[in-house]
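Okay, so here's the structure we're looking at.
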Amino acid sequence: MDSLSMFLDQATFWLCLVLFLRLFTFQRGALRFRRNISFLAWVTMAGAAAAVIYIATGKLTLPALAWPLVLILAVFTWLVWRAKGNLAAVLRPAAGWNGVDRRKERGAPDASPPP
């Protein structure tokens, strides 16, 4: 096993552990319960926990060519951490932009629905 593969294994282990713990410790508070988002969080936690267990037992080793997947995992983990474990906030599109302003800048007709 080369050093890049070992690094990817370690990075994936810690990223999945952080992802699992952040989702596990999410406190909904006054936010409304959404069953589909809750299910996605549960599936994400199960996948992250499985990856941690498989890496810890040596059953999962990442090849050196898997670095883009680890990079995507790092970005996703950072977004979940930034949202304080609120997976709905990570998946929600950015508020305030729907593309109408961009179409107006290019001179395209306004495609918004009539009032």
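The values are calculated or read from the model by the stated rules, or taken from the named source; none is laboratory data. Keep in mind that this is a model prediction, so the values were computed, not measured. Heads up, the Cβs are rebuilt from the backbone with ideal geometry, glycines too, and the neighbour counts pull from every protein chain shown.
Are there helices (runs of 4 or more DSSP H) fully within segment 27-100 with at least 3 residues that are in contact with a helix residue (DSSP H, G or I) (Cβ under 6 Å, 6 or more places away or on another chain) and closer than 16 Å to ASP9 by Cα? List them. Walk me through how you get there before you give the answer.
Numbers: elements: 35-56, 67-82, 87-91.
Per the criteria, 35-56, 67-82.
Regarding TRP42, is this residue in contact with a Lys or Arg (Cβ under 8 Å, 6 or more places away or on another chain) and modelled with pLDDT of 95 or more? Walk me through how you get there before you give the answer.
Details: in contact with a Lys or Arg (Cβ under 8 Å, 6 or more places away or on another chain): no; modelled with pLDDT of 95 or more: yes.
For TRP42, the condition - in contact with a Lys or Arg (Cβ under 8 Å, 6 or more places away or on another chain) and modelled with pLDDT of 95 or more - is not met.
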Report summary line: Among residues of segment 46-65 being of a type in the set (A, V, I, L, M, F, W, C) and more than 15 Å from CYS16 (Cα to Cα), the residue surrounded by the fewest Cβ atoms within 10 Å (Cβ to Cβ) is LEU65
Query raised in the report: Out of (1) without any contact (Cβ under 8 Å) to a residue 12 or more places away in the chain; (2) touching a Ser or Thr at 6+ places or on another chain (Cβ under 9 Å); (3) of a type in the set (Gly, Ala, Ser), what's the single condition that is false for SER5?
Result: (1)
